[in-house]
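Heads up, the thing below is written out as structure tokens.
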Amino acid sequence: MRPDHSGSLSGAAAFSTEERDAVYRAISTRRDVRSEFLPDAIPDDVVKRLLTAAHHAPSVGFMQPWNFILVRDDKVKEAVWQAFDRANREAGEMFEGGRQQLYRSLKLEGIRTAPLSICVTCDPHRCGDVVLGRTHNRRMDSYSTVCAVQNLWLAARAEGVGVGWVSIFHESDIKDILGVPDRVEIVAWLCVGYVDRLYDQPELAVKGWRQRLLLEELVFSDRWDNPAD
């Protein structure tokens, strides 16, 4: 591939106060949506903007390992929901007592109600075996793909579009349904649709599963377990 010399350095001034506040608002009000989806289809131009945001994520060695499978077919969604349901019942057995009861009461997906699903994948072979920046951490391509998911999620929040990340399934089941090659990793199944209301706090916090940790307890200075000033 020939070098691209078309780019040049440009200014990197801080955003205006309004622009900055909008970025932080998207971050702080982003939610994992499960049951608030509206049935309205998302216009193609909005979907394109979301995917473009995802495609502008940072990636190790600029390998851009992601692909996006757009799923609108109800039969495909139903097959994926069945795969989720089997795995979800297995997951429920991993908890005990009241924790199991609470788990079973939670709605953990919107596969059949969201008008669009996006399966986000990672191809670890996109740039060959030796990739700049991945030489000592083979998971960097997956981490890069997660950055693409976050970009899409924040862009969706700005568009009034909700996103729910489903992770409870056997990867092999989803690969069989979608025809994903063995070499490719499935990173996320995203349920996507318009919403007109969101929880003020993360739903799992609202429903008593877990509360947000204090940032001060998570920040160390210079070495592990040395509290920051």
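The values are calculated or read from the model by the stated rules, or taken from the named source; none is laboratory data. What you see is a predicted model, and the numbers here were worked out from it, not measured in a lab. Ideal geometry is used to build each Cβ from the backbone, glycine not excepted, and the neighbour counts take in all protein chains shown. For the accessible areas, the whole protein counts, side chains as well, though only heavy atoms, and no ligand, DNA or RNA atoms are used. Shrake-Rupley method; radii C 1.70, N 1.55, O 1.52, S 1.80 Å.
Look at (1) part of a loop (DSSP other than H, G, I, E, B); (2) out of contact with any helix residue (DSSP H, G or I) (no Cβ under 9 Å at 6 or more places or on another chain); (3) modelled with pLDDT of 95 or more and you find that residue 204 fails only one, number (1). Taken over the range 189-225, the criterion of being of a type in the set (Lys, Arg) and without any contact (Cβ under 8 Å) to a residue 40 or more places away in the chain is satisfied by 210, 212, 223. Yes or no: residue 20 open to solvent by 80 Å² or more (accessible area, probe 1.4 Å), touching a residue at least 24 places away in the same chain (Cβ under 8 Å), out of contact with any Pro (no Cβ under 8 Å at 6 or more places or on another chain) and not in a loop (DSSP other than H, G, I, E, B)? When the stated conditions are applied, residue 20 does not pass them. Identify all residues within the range 29-62 that are among the polar types (S, T, N, Q) and either closer than 18 Å to residue 74 by Cα or outside any helix (DSSP H, G or I) (or both); write none if there are none. Of everything in the range 29-62, those that are among the polar types (S, T, N, Q) and either closer than 18 Å to residue 74 by Cα or outside any helix (DSSP H, G or I) (or both) turn out to be 35, 59. Quick check: anything in the range 92-107 touching a residue at least 24 places away in the same chain (Cβ under 8 Å), part of a loop (DSSP other than H, G, I, E, B) and not small (Gly, Ala, Ser)? Scanning the range 92-107 turns up at least one residue that is touching a residue at least 24 places away in the same chain (Cβ under 8 Å), part of a loop (DSSP other than H, G, I, E, B) and not small (Gly, Ala, Ser). Within the set 180, 187, 163, the sole residue that is assigned to a loop (DSSP other than H, G, I, E, B), open to solvent by less than 40 Å² (accessible area, probe 1.4 Å) and either modelled with pLDDT of 95 or more or out of contact with any Lys or Arg (no Cβ under 7 Å at 6 or more places or on another chain) (or both) turns out to be 180.
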